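A short worksheet on the structure shown next.
The values are calculated or read from the model by the stated rules, or taken from the named source; none is laboratory data. Note that this is a predicted model, so its numbers are computed, not measured. Neighbour counts are summed over all protein chains in view; Cβ atoms, including those assigned to glycine, are modelled from backbone coordinates with ideal geometry. In case anyone asks, the SASA skips ligands and DNA or RNA and just uses the protein heavy atoms, side chains included. Shrake-Rupley method; radii C 1.70, N 1.55, O 1.52, S 1.80 Å.
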Amino acid sequence: DAGITQSPRYKITETGRQVTLMCHQTWSHSYMFWYRQDLGHGLRLIYYSAAADITDKGEVPDGYVVSRSKTENFPLTLESATRSQTSVYFCASSEGGGEGNEQFFGPGTRLTVL
Amino acid sequence: GDSVTQMEGPVTLSEEAFLTINCTYTATGYPSLFWYVQYPGEGLQLLLKATKADDKGSNKGFEATYRKETTSFHLEKGSVQVSDSAVYFCALGRAGGTSYGKLTFGQGTILTVHP
């Protein structure tokens, strides 16, 4: 399918487990982003990437790891999940890195940490 | 640092009513401003944007004007429909250096339109 996809769409895990959320885009966009959405906070940036092997921390990176070995994939790993990481996670991509560039969002992954 | 503040919600309107959702921002320089919309169970999608002061973004009957003097980007629509029920996010885009166009979002405003 064309566009940006996320998997899984729903995930329940336990505290202390490692979890990886997948993000795949078919546009060959250079820039990719991970956000988390929590009530009262809007969306907050976790990590972003300008190209394969170039990543940088966003506003709330603690407890998360990313990698970008291929342009089209940008997985987000929770190394040891905590209850505070229960959230909805959105991946996004954009063609350019300019401030006026539109970001295209995936459908989201709802993660529950018990 | 950059920040975006939206009016508190939720907002409940009757069909054909006038809509305003307030958005103000704090930033240095000249960021771009966006409104994104999230329909139930979906990801965000761009509604409109403005890239410089006094620009007006418009789409699907929605409008917003980039006001640098009041640091605002209020969203308006003259006559809302039930299908406009969604969560609306104001956002600020930053480039330069290693910013890569990252977005800073407001907290979101839930809009419900009744027939």
Note, ³J(HN,Hα) from phi for the stretch B:6-22, Karplus 6.51, -1.76, 1.60, rounded to Hz, x at Gly and Pro: 10, 5, 5, x, x, 10, 10, 10, 8, 3, 6, 6, 7, 10, 9, 10, 7
Rounded accessible area of A:Asp62 (nearest 10 Å², 1.4 Å probe): 130
Heavy-atom accessible area ranking, 1.4 Å probe, most first, across A:Val113, B:Val87: B:Val87, A:Val113
Partners for B:Lys102 among aspartates and glutamates (Cα-Cα distance below 17 Å; same-chain residues under 8 apart left out): A:Asp56, A:Glu59, A:Glu95, A:Glu99, A:Glu102, B:Asp2
Alpha-carbon Debye profile of chain B, log10 I(q)/I(0) at 0.13, 0.15 Å⁻¹: -0.46, -0.61
Heavy atoms of A:Glu72 accessible to a 1.4 Å probe, total area in Å² rounded to 10: 70
Surface accessible to a 1.4 Å probe, B:Ser72 within the full protein complex, Å²: 10
Residue-averaged beta-carbon neighbours from other chains (10 angstrom radius) around A:101-110: 5
Shape of chain A, Cα gyration tensor, a/c cut at 1.5: prolate
Three-way shape call for the stretch A:37-99 based on the alpha-carbon gyration tensor, with the a/c threshold at 1.5: oblate
Lysines with Cα under 17 Å of B:Lys77, excluding same-chain neighbours fewer than 8 positions away: B:Lys49, B:Lys56, B:Lys60
Surrounding net charge for B:Tyr39, when Lys and Arg each add one and Asp and Glu each subtract one, Cβ distance under 13 Å: -1
Positive dipole terminus of the stretch A:7-114, leading residue within A:Gly63, A:Ser80, A:Thr26 (C-beta point charges): A:Ser80
Solvent exposure ordering (accessible area, 1.4 Å, most first) of A:Ile12, B:Ile21: A:Ile12, B:Ile21
Top of B:Gly78, B:Gly29, B:Gly61 by mean-square fluctuation, Gaussian network on chain B, Cα under 10 Å: B:Gly29
10 Å Cβ neighbours from other chains, averaged over peptide B:100-113: 6
Which of B:Lys49, B:Lys102 is most accessible, then next, and so on - probe 1.4 Å: B:Lys49, B:Lys102
Cα gyration tensor, the stretch B:58-115 - rounded (a/c under 1.5), prolate or oblate: prolate
Separation of alpha-carbon centers, the stretch B:74-115 and the stretch B:1-69, rounded to whole Å: 5
